[in-house]
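As structure tokens, the structure follows; a few thoughts come after it.
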Amino acid sequence: MRRFLMVLVLVQSLWTVTAQASDDLSQIELRVRCVEPGPCRYAGRMVEVELELFNAGKKAVSLPVEYIRQRGPSVRVHDNHTQRATSLRTTLAAAALREQLQVLAPGQSIRFSIPVKPQDISRFALRPVDVSLEFSINLTPGLSGEDADMVSSRLRVVGAVGSS
């Protein structure tokens, strides 16, 4: 925690955008939903998921939004039949983007969508498909473990009616 605060002081001295303390980042919520209306259904095609980082707090928070957007979330697929789980690969993002902070005012959110490929579900899940996708985002990239501020959310995906 002490190391994190020292990094924040350094960031604050280098940029005019003020990074917020961990307490403010705890007000960030991750919301997920399927882009298609209704329940999330898997029909052997790409599943488009919208992620929303929402500032539910009373203070503005600075986040490396472009880094988060380019890297995307960590995704873990849980088969609800067998309780097995697997993690999907994440993409790389330029480390310099961690330093480009964007202010998220109270009540404001950013949204971006990600595709979940059919093979990421079909090669892992039993039939009928019944999986939970757990999305996680590190709000403090560069920090890990207990020092990192993480948000996560789950989304259930079931096989479409008539699909095998």
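Values in this text are rule-based calculations from the coordinates and carry no lab data. Keep in mind the model is a prediction, meaning the values are calculated, not measured. As a convention, Cβ positions derive from the backbone with ideal geometry for all residues, glycine included, and neighbour counts pool all protein chains shown.
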Checklist line | Summed side-chain charge close to Arg111 - residues other than Arg111 whose Cβ falls under 15 Å, Lys, Arg +1, Asp, Glu -1 | finding: -2
Notebook entry, point to check: Stretched out fully, how many nm does the piece from Thr91 to Ser74 gain, at 0.36 nm a residue minus the Cα gap?
Noted result: 5.2 nm
Next item on the list: Rank by packing, highest mean first: peptides 86-95, 131-140, 36-45, 150-159, with packing defined as the count of other Cβ atoms within 10 Å averaged across residues.
Entry: 131-140, 150-159, 36-45, 86-95
Next item on the list: Could I have the simple spin-label model distance between Gln102 and Ala160, label points 7 Å from Cα toward Cβ, reported in nm to one decimal?
Entry: 3.2
